[in-house]
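Student: Starting off with a structure, shown below.
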Amino acid sequence: MNDHSSDWWKSCVIYQVYPRSFYDSNGDGIGDLDGITQKLDHLIELGVNTLWVSPFFASPQVDFGYDISDFTSVAPEYGNLDSAKALIDAAHQRGLKVLFDLVLNHTSSQHPWFQDSLTGKSSEHADWYIWADGRGPAGRIPPNNWRSGLEVKSAWHYSKTRKQWYLGTFLPCQPDLNWRNEHVREAMFNAVRFWLDLGVDGFRLDMFGAIMKDPMLRSNPFHPYMEPSELMRLWRRDYTENTDDNFELARDLRSVLMRYEPERVLIGEVFGPPETLKRYVANGAGLHFTFLFGFLAFRFKAKFFSKLIASYEKNFPEPYLPTYVLENHDRARSFSRVGENIFKAKLLALLMLTLRGVPVIYQGQELGMPNTYIPLRKAKDPIAKEYFWWMPEFVSKRLPERINRDEVRTPMQWDSSVNAGFCPPKTTPWLPVNENYLSCNVEVQRSYEYSLFCWYKAVLAQRALRPSLTLGDLVMISGLPEQVIGYARTHGEDSCQVFLNFGDTDSYFDVTAPDKVILSSDPGNLLLDGRLKLAPYGAILLA
Ligand code: NOJ
């Protein structure tokens, strides 16, 4: 049964579906909404309770859906409004909540609003985007130093027709909307209401931190630094990200949702230090959660994780909830980051699924789907195409992060048939299927009890069973060997402990209280008379 309680979101486990690559129900090589509906039982079997669907709205698909040309219709390759409604209904029937992806920062340059805005300063939508005159005698120098997502390039793009620059923070084909224009706010909030009326339970908010820019268009201060996401930045984002107005926008958006029952939720893609992100969720008035991306660029070291967990626990104590993400449609597959070592992958799964907060699993993560190497020259991803012109392949190939996002978006591997059951054998899938599909697929892993998939299922089953794992507090256990992380989760009478050995050697230590092994990732893990031995990369849940 669907959960009608107002705080259902506090115990969510989110599963991200990238529709284009999930399941192709009509044999055109592209995943679609009916395909997701047909595969919902996979989510149920896995044990998640919330589905997040990346964009499937009308779009020229330059950025595969993150460039929207009509916010309230569905791109034909994904289906139509009926299929969107059918997906929501089918998910609800199974007790799953559904989040759609909301791209508020920009539209596609093909959106009729932008096409009109381009025609001139007196057009109806002239002021719907962020336009500014350039600097220099001919106005051919961008208005300020704001950088695009690629950092090396300006975020401003010149229009010969308007003889002005428009802001496109991500790519030129994604012009930023001018949220200071009341008509824009109204139109976008109406789009939000449209999906809420259709029954969606909330939204993942794309690039939410970047929506409200400085109205005076002041240049950002020069300040080279390394982002936790491993990206080198040369300018701070004081005037383009997390501005005071942006926190206000979060609250305004929340008030749009507040008219709906049961509660609808917002999870924001925002970047910044935890103290800044906290402002988005403060006092229960803005977003429900923000993504915390620190785990994405992990180093497989106890210290790396314990530091981050401590920081998230400090900044997001009860009643706030941290979120945990190991991979997504933009970033490297975690299985590749751990050198395709299943014990390390099991350890990470136990970690992310037993911490206090909301885990977000990306499709295929539960199978250990790795990156699928695709050279830049073959890329469909517009970001990779940008890099292709100047980044040598031998460099891109060796980076831990994938520049070509196609590599993390290859089709979901369902079975051992040609095309991994993603699309019919005679169809060419939009991206190649990873050649490991014969062994790495749902069907094979379902029938092998030591598979990663079965491990995810087992951990999620414990999470569903034990209030301590969803609602309990978290206390780090001290006095453990340096390579081990341990924590206790307690809620009323229910308590359990998790121990994770990040080292490549056995670890031995004493444990107190729990005396029963609930889950163990390795037959070499042993609990005897209060003393625990963890095999290399061993992970264990005790109660
Ligand atoms: C972030 C999304 O995750 C990414 O896939 C997209 O390309 C950009 N935002 C632009 O919308």
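Student: Say each of residue 233 and residue 385 gets a label point 7 Å from the Cα, pointing the same way as Cα to Cβ; how far apart are those two points in nm?
Tutor: Spacing of the two 7 Å Cα→Cβ label points: 2.7 nm.
Student: Taking 0.36 nm per residue of sequence separation and subtracting the Cα-Cα distance, how much length would be gained by fully extending the chain between residue 447 and residue 398, in nm to one decimal?
Tutor: Details: separation 49, 0.36 × 49 = 17.64 nm, distance 3.45 nm.
Here the segment from residue 447 to residue 398 would lengthen by 14.2 nm.
Student: Could you tell me whether region 194-235 comes out rounded, prolate or oblate from its Cα gyration tensor? Rule is a ≥ b ≥ c as square roots of the eigenvalues, rounded for a/c under 1.5, then prolate if a/b exceeds b/c, otherwise oblate.
Tutor: Oblate.
Student: Hey, another quick one. Using alpha-carbon positions, what is the distance between the centroids of region 402-434 and region 290-363, in Å?
Tutor: If we compute the Cα centre of each part, the gap is 26 Å.
Student: For residue 225 and residue 506 in the same chain, what is the full-extension length gain: residue separation times 0.36 nm, less their Cα-Cα distance, in nm? Don't jump to the answer; show the numbers that get you there.
Tutor: Numbers: separation 281, 0.36 × 281 = 101.16 nm, distance 3.75 nm.
Contour length minus Cα-Cα distance gives 97.4 nm.
Student: Still on this structure: Using only Cα atoms and rounding to the nearest 10 degrees, what angle (0 to 90) does helix 342-354 make with the longest principal axis of the chain?
Tutor: Result, in degrees: 80.
Student: Subtracting the Cα-Cα distance from 0.36 nm times the residue separation, let me have the gained length for residue 197 to residue 4 in nm, one decimal. Could you put the intermediate results ahead of the total?
Tutor: Working: separation 193, 0.36 × 193 = 69.48 nm, distance 1.62 nm.
Result for the pair: 67.9 nm of gain on full extension.
Student: Once you sort the root eigenvalues of the Cα gyration tensor of the chain as a ≥ b ≥ c, which label holds: rounded (a/c under 1.5), prolate (a/b larger than b/c) or oblate (the other case)? Spell out each step's value before the answer.
Tutor: Details: a/c = 1.63, a/b = 1.52, b/c = 1.07.
The shape class here is prolate.
Student: Past the 11 angstrom mark, what percentage of all C-alpha to C-alpha distances in region 26-70 do you count? Could the numbers behind the result be given before it?
Tutor: On the way: 720 of 990 pairs.
Cα-Cα pairs of region 26-70 separated by over 11 Å account for 73 percent.
Student: Here is a follow-up. Would you mind ranking 131, 390 so that the residue whose beta carbon has the fewest other beta carbons within 10 Å leads the list? Intermediate values should be presented prior to the final figure.
Tutor: Working: 131 20, 390 8.
In order of increasing Cβ crowding within 10 Å: 390, 131.
Student: Taking loop as defined by DSSP and a crowding limit of 14 other beta carbons within 10 Å, which trypsin sites (Lys or Arg not before Pro) in region 172-232 fit?
Tutor: Values: sites: 180, 185, 193, 204, 213, 218; in loops: 180, 213, 218.
Sparse-neighbourhood loop trypsin sites (Lys or Arg not before Pro): 180, 218.
Student: Let me ask another. Between residue 341 and residue 41, what is the label-point separation in nm under the 7 Å Cα-to-beta-carbon projection?
Tutor: For residue 41 paired with residue 341, the spin-label model returns 3.7 nm.
Student: Just from its helices, what would the mean residue ellipticity at 222 nm be for the chain, if runs of 4 or more DSSP H residues each count -39500 (n - 2.57) and the sum is divided by every residue, rounded to the nearest 500 deg cm²/dmol? Before the final figure, lay out each step's value.
Tutor: Working: 15 runs with 141 residues, N = 543.
That comes out to -7500 deg cm²/dmol.
Student: Name the residue from 454, 139, 425 whose Cα lies farthest towards the positive end of the charge dipole of the chain, charges +1 on Cβ of Lys and Arg and -1 on Cβ of Asp and Glu.
Tutor: 139
Student: Along its three principal axes, how long is region 201-302 when you only count alpha carbons? Whole Å, largest extent first please.
Tutor: If we take the Cα atoms of region 201-302, the spans are 45, 44, 21 Å.
Student: Would you please state which residues of region 2-23 a label at residue 263 would reach in this model, taking the label point 7 Å out along Cα→Cβ and a backbone N cut-off of under 17 Å?
Tutor: Within reach of a label on residue 263: 3-14.
Student: Please list, or write none, the lysines whose alpha carbon is within less than 22 Å of the alpha carbon of residue 85, excluding same-chain residues fewer than 8 places away.
Tutor: Partners found: 39, 97.
Student: Describe numerically, in nm with one decimal, the distance between label points set 7 Å from Cα along Cα→Cβ at residue 415 and at residue 435.
Tutor: Label-label distance for residue 415 and residue 435, simple model: 2.4 nm.
Student: Could I ask something else about it? Between region 241-283 and region 40-92, what is the C-alpha centre distance in whole Å?
Tutor: Region 241-283 and region 40-92 have Cα centres separated by 23 Å.
Student: Determine by what factor the alpha-carbon radius of gyration of region 83-188 differs from 2.2 N^0.38 Å, reporting the quotient.
Tutor: Values: Rg = 17.6 Å, N = 106, 2.2 N^0.38 = 12.9 Å.
Cα-based Rg divided by the globular estimate yields 1.36.
Student: By count of other Cβ within 10 Å, fewest leading, how are 48, 256, 395 ordered? Before the final figure, lay out each step's value.
Tutor: Values: 48 26, 256 16, 395 12.
Fewest-to-most Cβ neighbours within 10 Å comes out as 395, 256, 48.
Student: Go ahead and run the numbers for FRET between residue 124 and residue 428, Cβ-Cβ distance against an R0 of 35 Å, rounding to 0.05. Numbers along the way, then the final one.
Tutor: Working: r = 42 Å, r/R0 = 1.21.
After rounding, the FRET efficiency stands at 0.25.
Student: Next question. Around residue 134, what is the net charge, scoring Lys/Arg as +1 and Asp/Glu as -1 over all other residues with Cβ under 13 Å from its Cβ? Walk me through the intermediate numbers first.
Tutor: Numbers: positive: 135, 140, 160, 162, 163; negative: 133.
Around residue 134, the charge tally is +4.
Student: For region 112-167, what does the alpha-carbon gyration tensor say about shape, rounded, prolate or oblate, given a ≥ b ≥ c as the root eigenvalues, a/c under 1.5 as rounded, and a/b over b/c as prolate?
Tutor: Numbers: a/c = 2.64, a/b = 1.46, b/c = 1.82.
Note, shape of region 112-167 comes out oblate.
Student: Counting only DSSP beta bridges with both residues in the chain, tell me the antiparallel percent, nearest 5. Could the numbers behind the result be given before it?
Tutor: Values: 41 of 66 bridges.
In the chain, DSSP labels about 60 percent of beta bridges as antiparallel.
Student: Which order do the peptides 359-371, 141-153 come out in when sorted by mean C-beta neighbours inside 10 angstrom, highest first?
Tutor: Numbers: 359-371: 25.4, 141-153: 16.9.
Highest mean packing first, the order is 359-371, 141-153.
FYI, it's all coordinate maths here, none of it is from the lab. It should be emphasised that the depicted structure is a prediction, and the values quoted were computed from it without experimental measurement. Quick reminder, even Gly has a Cβ in these numbers, built from the backbone with ideal geometry, and neighbours come from all protein chains shown.
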